[in-house]
Amino acid sequence: MRNKSVVHEGNEIRLAIDLIHLGARLQVLETETGLSRERLLKLYKEVKGESPSKGMLPFSADWFLSWQPNVHSSLFVDIYHYLIAHTELRGVHAMIKSYRLYLEHVHANSLEPILTLTRAWTLVRFLGSLLQTVPCTRCGGNFITHRQDLNRNYVCGLCRPPSRAGKSKKRMPEATHTAAPAA
Amino acid sequence: MNMSDMLGEIKELNLTYLMFAQHMIREDKSAAVYRLGISQQLADILTDLTAGQVLKMAGANVLLCRMRFDDRLILGLLTSHGKEGAMPQSHAAILLAGQPVEELA
């Protein structure tokens, strides 16, 4: 461990900075880089200007199954699988690139980025153990489901939205946007 | 539109497409592979094209880029002004990510 190369360490620091900018929690940094906790803490404060939030990571696999999170998470995972299948990106680098492309989609369509980087990272770790993707029998898109569920005739939440779907405060950000310049 | 105008427009669009594709691939290959919907092998060939080759290819009388939504469902989603905000766009993006890439035979 002592004779780690400087270049290698430089790459790890760059990776950590990328992850911090995207909103990663400290636990993600500790797992994905070989840097010590002290160095990561220092780095975090330097990049963000504040201490990282403490406490446990969001660990619920059920979050990915409720309607809106499922759409966002499924899109992220589909991009991730696309990159794994068609490029040389692997592991955390594939995760970061997919997350960036997901954020692009969200911004391009003025949606809210409800999938955080830490959640996206958790999702990748859950794939294959707790969660999996299953093709919808109507549209053919791949969506996240529980591994234990019976998914024989699976229909996704977009082909069959629940009655309350999309009726939350989704219009709110637009309203505040239009109100702001007038004020 | 007369014939030579049309051929001129096609050439211009082909040229823009090829040059923009090359630019995207050089900037960030993996992101370009996703955005263009092409295989990595095809991406490599595109970047290796010289300016002369690009110019020659662009001068065809057919367009070199193809519609990616050759699926009624995706087309419908992309053009819908649906009741559920921007969700049709996300649905279309999910379907596009699951489509096979354009690759060399």
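Might you check whether a residue that is within 16 Å of A:HIS105 (Cβ to Cβ), aliphatic (A, V, I, L, M) and without any contact (Cβ under 8 Å) to a residue 60 or more places away in the chain occurs anywhere in region B:54-75?
yes
For region A:32-46, enumerate the residues that are open to solvent by less than 40 Å² (accessible area, probe 1.4 Å) and not β-branched (Val, Ile, Thr). Steps first, answer last, please.
Here is the first cut: in region A:32-46, the residues open to solvent by less than 40 Å² (accessible area, probe 1.4 Å) are A:33, A:35, A:40, A:43-44.
Hits for region A:32-46 are A:LEU35, A:LEU40, A:LEU43, A:TYR44.
Give region A:129-144 a look and list any residue that's hydroxyl-bearing (Ser, Thr, Tyr) and over 16 Å from the mean Cα position of the chain (by Cα), or say none. Explain how you work it out, then say what you get.
First, the residues of region A:129-144 that are hydroxyl-bearing (Ser, Thr, Tyr): A:129, A:133, A:137.
Scanning region A:129-144 gives A:SER129, A:THR137.
What do you reckon, is A:GLU112 under 27 Å from B:GLU103 (Cα atoms), acidic (Asp, Glu) and either within 12 Å of chain B (Cβ to nearest Cβ) or part of a helix (DSSP H, G or I) (or both)? Give the derivation first.
Working: under 27 Å from B:GLU103 (Cα atoms): no; acidic (Asp, Glu): yes; either within 12 Å of chain B (Cβ to nearest Cβ) or part of a helix (DSSP H, G or I) (or both): yes.
Here the answer is no, as A:GLU112 does not meet what is asked.
Among the residues in region A:84-100, are any touching a residue at least 60 places away in the same chain (Cβ under 8 Å), touching a strand residue (DSSP E or B) at 6+ places or on another chain (Cβ under 9 Å) and open to solvent by 10 Å² or more (accessible area, probe 1.4 Å)?
So far as region A:84-100 goes, no, none of its residues is touching a residue at least 60 places away in the same chain (Cβ under 8 Å), touching a strand residue (DSSP E or B) at 6+ places or on another chain (Cβ under 9 Å) and open to solvent by 10 Å² or more (accessible area, probe 1.4 Å).
Looking at (1) touching a Phe, Trp or Tyr at 6+ places or on another chain (Cβ under 9 Å); (2) within 14 Å of chain B (Cβ to nearest Cβ); (3) more than 25 Å from A:CYS136 (Cα to Cα), which is the one condition that is false for A:HIS72?
Unmet for A:HIS72, out of (1) touching a Phe, Trp or Tyr at 6+ places or on another chain (Cβ under 9 Å); (2) within 14 Å of chain B (Cβ to nearest Cβ); (3) more than 25 Å from A:CYS136 (Cα to Cα): (3).
List the pairs whose first member sits in region A:12-37 and is among the charged types (D, E, K, R), whose second member is assigned to a loop (DSSP other than H, G, I, E, B) and open to solvent by 50 Å² or more (accessible area, probe 1.4 Å), and whose Cβ atoms are under 7 Å apart, counting only residues at least 6 apart or on separate chains?
A:ARG25/A:SER53
Of all residues in region A:112-159, which are under 22 Å from B:ASP71 (Cβ atoms) and charged (D, E, K, R)? It would help to see each step written out before you state the result.
The initial filter retains those residues of region A:112-159 that are under 22 Å from B:ASP71 (Cβ atoms), namely A:133-144, A:153-159.
The one that is under 22 Å from B:ASP71 (Cβ atoms) and charged (D, E, K, R): A:ARG138.
Has region A:139-150 got any residue that is within 10 Å of another protein chain (Cβ to nearest Cβ), in contact with a Phe, Trp or Tyr (Cβ under 6 Å, 6 or more places away or on another chain) and open to solvent by less than 10 Å² (accessible area, probe 1.4 Å)? First the steps, then the outcome.
Initially, region A:139-150 is screened for residues within 10 Å of another protein chain (Cβ to nearest Cβ), giving A:139-143.
In the following step, the residues that additionally are in contact with a Phe, Trp or Tyr (Cβ under 6 Å, 6 or more places away or on another chain) were identified as none.
There is no residue in region A:139-150 that is within 10 Å of another protein chain (Cβ to nearest Cβ), in contact with a Phe, Trp or Tyr (Cβ under 6 Å, 6 or more places away or on another chain) and open to solvent by less than 10 Å² (accessible area, probe 1.4 Å).
How do the helices (runs of 4 or more DSSP H) wholly within region B:4-64 filter down when requiring 2 or more residues that are closer than 18 Å to B:PRO100 by Cβ and either in contact with a Phe, Trp or Tyr (Cβ under 9 Å, 6 or more places away or on another chain) or open to solvent by less than 40 Å² (accessible area, probe 1.4 Å) (or both): which remain?
Details: elements: B:29-36, B:40-48, B:51-58.
Where helices (runs of 4 or more DSSP H) fall fully within region B:4-64 and carry at least 2 residues being closer than 18 Å to B:PRO100 by Cβ and either in contact with a Phe, Trp or Tyr (Cβ under 9 Å, 6 or more places away or on another chain) or open to solvent by less than 40 Å² (accessible area, probe 1.4 Å) (or both), they are B:29-36, B:40-48.
Suppose the filter is under 27 Å from A:LYS4 (Cβ atoms), assigned to a loop (DSSP other than H, G, I, E, B) and acidic (Asp, Glu); does A:GLU88 pass it? Before the answer, list the steps.
Numbers: under 27 Å from A:LYS4 (Cβ atoms): yes; assigned to a loop (DSSP other than H, G, I, E, B): yes; acidic (Asp, Glu): yes.
Criteria met by A:GLU88.
Which numbered condition in (1) at pLDDT 80 or above; (2) more than 17 Å from the chain's Cα centre (by Cα); (3) not basic (Lys, Arg) is the only one that B:GLY85 fails?
(1)
The values are calculated or read from the model by the stated rules, or taken from the named source; none is laboratory data. Since the model is a prediction, treat every value here as computed from it, not as a measurement. Reconstructed Cβ throughout: ideal geometry from the backbone, glycine too, with neighbour counts over all protein chains shown. The area values use the complete protein model at the heavy-atom level, side chains included, leaving out ligands, DNA and RNA. Shrake-Rupley method; radii C 1.70, N 1.55, O 1.52, S 1.80 Å.
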